[in-house]
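All of the numbers you see were taken from the coordinates with simple rules; none came from a lab. Treat the numbers as computed from the prediction; the structure is a model and nothing was measured. Positions of Cβ are backbone-derived with ideal geometry, glycine not excepted, and every protein chain shown enters the neighbour counts.
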Amino acid sequence: TQLLEQSPQFLSIQEGENLTVYCNSSSVFSSLQWYRQEPGEGPVLLVTVVTGGEVKKLKRLTFQFGDARKDSSLHITAAQPGDTGLYLCAGDLVYNQGGKLIFGQGTELSVKP
Amino acid sequence: NAGVTQTPKFRVLKTGQSMTLLCAQDMNHEYMYWYRQDPGMGLRLIHYSVGEGTTAKGEVPDGYNVSRLKKQNFLLGLESAAPSQTSVYFCASRASTDQPQHFGDGTRLSIL
């Protein structure tokens, strides 16, 4: 059973298009993190959201945490080829032993020039 | 500041061979984790540690053992490698449960 469902798994778009990636769960998270991973490297943290309803912006990327802290979204405006990569959401469960993160399956984004 | 360093970066093993993957962090983090990453499955937790001398099982621990004799090092062992263990292995660490995890660059392991 996947605790954190991430969609879509694959996304191929043209430069300049907008896109949204979703992470959904029936569990409540104390925080949710978004990572970006490039080939041959480990995931790198983009943002952490901790408050229900919180919205954070990182240049053309907008991250939102659901009011009930069960879901999150990543929206990219006017995607660029440099945005290509694997995007991962990961959540800290409310009752979390050992600081374990629950990861979504990942979204592989390809932005074509 | 190196962060999280994994060695080796690549390795090819034959079925039944053993090996140890090393993870070292220089950030004085308490928590350390070993994941495997397979296509379409995200990152799955193998084992983790909440401090020096402690280890615990994650989601997919079978076939793996770990040790954390020193705070900065977390070792992942495969006693008898199987083709199903072909994967990319990532180590991560975090200072506390309200801080993000920091990842190494991975070890690509192929079992023939």
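Here are a few things to note about the model shown:
- The string of couplings for region A:28-40 from the Karplus curve (6.51, -1.76, 1.60, θ = phi - 60°) is 9, 10, 6, 7, 9, 10, 10, 10, 10, 10, 9, x, x Hz, one whole number per residue in order, with x for Gly and Pro.
- Scanning residues 5 or more positions from B:Thr86 or on other chains, those with amide H under 5 Å from its amide H are B:Ile111, with H placed 1.01 Å from N in the peptide plane.
- Of all segments of chain A bounded by trypsin sites (Lys or Arg not before Pro) found in a DSSP loop with no more than 15 other C-beta atoms within 10 Å, the longest spans A:1-58.
- FRET efficiency estimate (nearest 0.05) - Cβ-Cβ, B:Phe10 to B:Asp98, R0 25 angstrom: 0.15
- Placing pseudo-labels 7 Å out from each Cα toward the beta carbon at B:Asn65 and A:Leu58 gives an inter-label distance of 3.9 nm.
- Unit charges on C-beta of K, R, D, E only; dipole of the protein assembly as shown, Debye: 360 debye
- Entry note, chain B: relative contact order of 36 percent, from Cα contacts under 8 Å with a spacing of 6+ residues.
- ³J(HN,Hα) computed for each position of region B:104-112 - Karplus, 6.51 cos²θ - 1.76 cosθ + 1.60, integer Hz, glycine/proline x: x, 8, x, 10, 8, 10, 10, 10, 9
- Its Cα centre serving as origin, chain A has a Cβ charge dipole (Lys and Arg +1, Asp and Glu -1) of approximately 220 debye.
- Whichever lysines have a C-alpha closer than 26 Å to that of B:Lys14, once near sequence neighbours (fewer than 8 apart) are set aside: B:Lys57
- Given chain A, longest segment not containing exposed loop GluC sites (Glu not before Pro) (DSSP; at most 16 other Cβ within 10 Å): A:42-113
- Building the convex hull from the alpha-carbon atoms of the protein assembly as shown and averaging its projection over directions returns 12.1 nm².
- Rounded to the nearest whole Hz, the Karplus-based 3J(HN,Hα) values (6.51 cos²θ - 1.76 cosθ + 1.60, θ = phi - 60°) of region B:4-21 follow the sequence 10, 10, 10, 9, x, 8, 9, 7, 10, 10, 9, 3, x, 6, 10, 6, 10, 9, with x at glycine and proline.
- Under a model in which nothing but the beta-carbon of Lys, Arg (+1) and Asp, Glu (-1) is charged, region B:14-95 shows a dipole of about 60 debye around its Cα centre.
- Surface/4 of the Cα convex hull for chain B, nm²: 6.5 nm²
- Under the simplified labelling scheme, the A:Ser110-A:Leu45 pair shows an inter-label distance of 3.2 nm, with each label point 7 Å from Cα along Cα→Cβ.
- Between A:Gly104, A:Ser30, A:Ile76, the Cα set farthest toward the positive side of the dipole of chain A (charges on each charged residue's Cβ, about the Cα centre) is that of A:Ser30.
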